[in-house]
Amino acid sequence: MTATATASGFSPNPASSSHGRGRPCVITRRATFSASHRYWLPELSAEENQARFGPCSLAPGHGHNYTLVVAMAGPLDADGMVLNLSEVKHAIRAEVTAQLDFRYLNEAWPEFDLDRPEGKLPTTEALCQAIWTRLAPQLPLVGLRLHETDTLWVDLLAPGSAPTPMEAFLSIRTHFAAAHRLARPELSQGENETIYGKCARPHGHGHNYLLDVTVRGPIDARTGMVCDLAALQQLVDDLVVEPFDHTFLNKDVEHFASTVPTAENIALHIADLLSAPIAATGARLHKVRLQESPNNAAEVFAETPQLEMVPAALEALVAG
């Protein structure tokens, strides 16, 4: 479990209250379960299901090892805790993992009964939403993160941190390899090395970049999706991975002929490339995160009004 103190309630004198009593904190708890599911809508033909959901439509379904991170918040009690950890573990086990572990999600919960008008597919987004409805009466939720795989996950935030918990932040991860040189053409080699160090060497150097793309939107009442996941992945492949992979960015990508390809500028350019096409899918590009190396990464928020919305819940989910 991790704990993160919120800035708004931080006191310069921890000894002023016994065991931190009354001071606000966000805590997280991680849980895992294994389950299978199938994407198949009875109102569509076999051909339509195949076209829409691809291999995910194949019977009898497929499985994942899910990881759930639960973020909770509140003031510390007299024992120095937001909540008793045993109670948190019991609530998550009783309401979620005991009901879902080694289950077929399409038949596990009423939300996924497609014979009901309100039934939806058990996508990552819809599953996270269903988990929220079960845990919210038990725990002071501020955020949930559900990983279906290492390259696909969803976040839900409490009201006030996001427009509504019915909206989800869906993230996909991919990668590409590329070389670059950090140098401004109007400067001398010596001046560039003063600014960029080894990165200014004339023949450049390479990285294996990790790219996270996060979109935001309402969860469709029937498909259970924020957007067409296959279409989103195809956009990222077509507009970023294919044009960037195994290139010398300064020479092979026109934008970087006149813009220094720092991690920040690459992330900004990716956000510019993806923003409008993703909007056409019905979702909104929320942010792009580009990891250049284990030690360096850049994040760009595509939604300007959201720049001030960096809630403690989301940060805790990342750390959790």
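For a Förster distance of 45 Å, can you work out the FRET efficiency between the beta-carbons of His205 and Arg103, rounded to the nearest 0.05?
Efficiency computed from Cβ-Cβ geometry: 0.40.
Quote the FRET efficiency, to the nearest 0.05, computed for His62 versus Glu264 with a Förster distance R0 of 25 Å and r equal to the Cβ-Cβ distance.
0.10
Tell me the label-point distance for the pair Thr32, Asn295, using the 7 Å Cα-to-Cβ offset, in nm and rounded to one decimal.
3.1 nm
Would you mind putting 102-109, 289-296, 265-272 in packing order, based on average other-beta-carbon counts within 10 Å, highest first?
Output ranking for 102-109, 289-296, 265-272: 265-272, 102-109, 289-296.
How much mean residue ellipticity at 222 nm does the chain get from its helices, if each DSSP H run of length 4 or more adds -39500 (n - 2.57) and you divide by all residues, to the nearest 500 deg cm²/dmol?
Value at 222 nm, helices only, nearest 500: -6500 deg cm²/dmol.
How high is the relative contact order of the chain, in percent, with contacts defined as C-alpha pairs under 8 Å that are six or more residues apart?
Contact order relative to length: 17 percent.
What is the mean projected area of the alpha carbon convex hull for region 2-319, to one decimal in square nanometres?
One quarter of the hull surface, i.e. the mean projection, equals 19.6 nm².
Relative contact order, percent, of region 135-228 when contacts are C-alpha pairs under 8 Å separated by at least 6 residues?
Over region 135-228, the number comes to 25 percent.
Lys287: which aspartates and glutamates have alpha carbons under 17 Å from its alpha carbon, excluding same-chain residues fewer than 8 sequence positions away?
Within the straight-line cut-off, Lys287 pairs with Asp155, Glu167, Asp212, Asp237, Glu264, Asp272, Glu299, Glu303, Glu308, Glu315.
Read-outs: derived from the displayed coordinates by stated rules, not from any lab. Given the structure is predicted, the values throughout are model-derived calculations rather than measurements. Counting neighbours? That spans all protein chains shown, and the Cβs are built from the backbone with ideal geometry, glycine included.
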